[in-house]
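The values are calculated or read from the model by the stated rules, or taken from the named source; none is laboratory data. Values in this document were obtained by computation on a predicted structure and should not be read as measured data. Cβ placement follows ideal geometry from the backbone for every residue including glycine, while neighbour counts extend to all protein chains displayed. The area values use the complete protein model at the heavy-atom level, side chains included, leaving out ligands, DNA and RNA. Shrake-Rupley method; radii C 1.70, N 1.55, O 1.52, S 1.80 Å.
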Amino acid sequence: MKIFITGGTGFIGKRVVKQLAECGETIYLLVRPTSIKKARELFALHPNIHIILGDILENKVILNDED
């Protein structure tokens, strides 16, 4: 299954994301530019977590056209 998550670097989100990743799910994680470093550190050991730079408060949610 493929899962798209926002809020994955927050208190509850980071735990949920790790549990899903350990179950083998493919996760696409929307992360704000200010949290990108934190997300890379938190999820570096999980190759099935794909970090997407973006912000749900912006008109263009996904900031990188390649994502």
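Beta bridges per DSSP, both residues in the chain: antiparallel share near 10 percent.
Solvent exposure of the chain, expressed per residue, is 71 Å² of accessible area, with all protein chains present and a 1.4 angstrom probe. Projecting label points 7 angstrom from Cα along Cα→Cβ for F4 and E22 puts them 2.7 nm apart. Given the options A44, P33, N64, identify the residue whose Cα lies farthest towards the positive end of the charge dipole of segment 27-67 (+1 on Cβ of Lys, Arg; -1 on Cβ of Asp, Glu). My answer, from the dipole projection, is A44.
For the chain, the carbon plus sulfur part of the accessible surface works out to 55%, probe radius 1.4 Å.
Taking the longest Cα principal axis of the chain as reference, the axis of helix 13-22 is set at about 50 degrees. Taking only alpha carbon atoms, the chain gives an Rg to Rh ratio of 0.94, where Rh is the Kirkwood radius.
Pairs of lysines in the chain whose Cα atoms sit within less than 15 Å of one another amount to 4, provided the residues are eight or more positions apart or on different chains.
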